[in-house]
Amino acid sequence: MYGVTIQKCVLAGCMLGLLCSPALVSAEDTDSTYITFEVPGSTYTSPVAINNSLTVLGVYADANNNYHGFLRNVWGKITSFDPPRSLHTMPTGLSETGAVTGYYTDSAGTHGFLRSPEGEFTEFNAPDTTTTLPVGINAAGTIAGYYEDAKNVAHGFVRSRSGTITSFDAGTEGNGIASSSTIPAAINGAGIITGRVQTISTFGGGIGESGFQRSAKGVITGIGIQQPTGINGEGAIIGISSGTPDFYGVVISPEGVITTFEVQGVDNTIATAINGEGAIVGQYFTELGNNDTHGFVRSPEGTITTFDPPGSTRTNAEGINDLGVTVGETLHANNSVYGFLRIPRHCFFADNGSR
């Protein structure tokens, strides 16, 4: 069940009370409310995360196809941002305090950045590299990510709040393994990191993938997911594993119980995010290479609800907060990509008339 307290918020610039009860999302999804939005002047708007303050983090493209970060607050106000000297900005993680991490490119390479809740930027780089790629940040200010060495092999890193960067590897080379890359995907509030190891075989160059988790103390263990994509505060990990040739979702409980799932009647289910209650979001599609994707929410009890915002011809769900509010991108028939918020049926609006 969604163990949430009653909260009030404002969405899309209208004074609205968002009241949340402990009810679960219906499998029919007939009562969800959708808000679509775009960054003014953009050609592409794509949210990547939402926190419990209903702040949305995302990326957008301008008319010159340059990428920038944005934050959309609870009132619907959008703030665009770029680190100094950035040619392209790609935000990847949003904390509960409003801090943002991500990476940007300039003439010297690709660098990590931290944007404080007040809007101040800190650039950072892993040692001996020109490519630093953060993937997430927790409320304590710890950042996880990876960097590439001169041989294009990836190594994981953790950046502490004080700025100390510690690198790590979850795989090994030798015994038929030509190279082994460590690619973190997410970090939770306890500092636990999950991600994947990508190996290239000495024999024929075949590529293999396997999941891992790294404790806050640096202990690395393998897990039963090929491509982990998220971890919540309780330690539940989600991701993707493949069959022949389909993809299916996987969730590993904090106790280590592995559960696979898929949207009924389709071949490919991609899990992208999990909230503190254990609800999972993602997208599904029928064939590889087919852009006809649709969103889904899987409740903590396992009920899967599929959805598309009104007017959508393609839906990618990318984030969900503890209230069950989902964000992502939606393609419309005019070939424009907008951001969306999906407000589930256990939340309802009380409009005070101040439109």
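The values are calculated or read from the model by the stated rules, or taken from the named source; none is laboratory data. What you see is a predicted model, and the numbers here were worked out from it, not measured in a lab. All Cβ positions, even for glycine, are placed from backbone atoms using ideal geometry, and neighbour counts span all protein chains on display.
Summary table below
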read-out: Conditions (1) part of a strand (DSSP E or B); (2) surrounded by fewer than 24 Cβ atoms within 10 Å (Cβ to Cβ); number of the one not met by residue 276; value: (1)
read-out: Of all residues making up region 79-101, the number that are outside any loop (DSSP other than H, G, I, E, B) and buried (at least 20 other Cβ atoms within 10 Å of the Cβ); value: 7
read-out: Scan of region 325-355 for residues that are at pLDDT 95 or above and not hydrophobic (A, V, I, L, M, F, W, C), ordered by number; value: 326, 328, 329, 330, 338, 339, 342
read-out: Filtered residues of region 84-126 (kept if farther than 25 Å from residue 231 by Cα and of a type in the set (Val, Ile, Thr)); value: 105, 110, 122
read-out: Breaking point among (1) assigned to a loop (DSSP other than H, G, I, E, B); (2) surrounded by 16 or more Cβ atoms within 10 Å (Cβ to Cβ), for residue 57; value: (1)
read-out: Condition met for residue 110 (part of a strand (DSSP E or B) and either outside the structural domain of residue 193 (by TED's automatic domain parsing) or under 17 Å from residue 70 (Cβ atoms) (or both)); value: no
read-out: Test: residue in region 107-121 that is crowded, with 18+ Cβ neighbours inside 10 Å and in contact with a Pro (Cβ under 6 Å, 6 or more places away or on another chain); value: yes
